[in-house]
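Student: Sending over a structure as structure tokens; questions will come in a sec.
Just so you know, all these numbers are worked out from the coordinates, no wet-lab data involved. Predicted model, so just to flag it, every value in this text is computed and none were measured. When we count neighbours, we look across all protein chains shown, and the Cβ atoms used for this are built from the backbone with ideal geometry, even at glycine.
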Amino acid sequence: MKRRSMSEAKNDICTIIREAEKEEVLITRHGKPAAVVIGFRDEDDWFGYKIEHDEKFLRRIANPFFPLSDTHLSDQVPTGSSIV
């Protein structure tokens, strides 16, 4: 992980973003960690990150038998039918 100071980040954010595409960049304030910049190579990379960090999605895959009433799927099931 690269380290950059807050003043470096203010003065050259474009370079830091390019660096973050390859590895995370730690931004420090007065020598102490303040933020992490995470870059993405492409939209698939961004989408993967969103899925990995989406609390609602993670809860649902942890419990595969969530009630259908919580989803839009229940609107698509004909009356008298069930999803198995």
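Student: First obtain the Kirkwood hydrodynamic radius of segment 15-64 from its Cα pairs, then insert it into the Stokes-Einstein equation at 37 °C and 0.692 mPa s, and state the resulting D in µm² per second as a whole number.
Tutor: Answer, rounded: 259 µm²/s.
Student: Another question, then. Taking the Cβ of SER5 as the centre, find all other residues whose Cβ is under 15 Å away and add up their charges (Lys, Arg: +1; Asp, Glu: -1).
Tutor: +3
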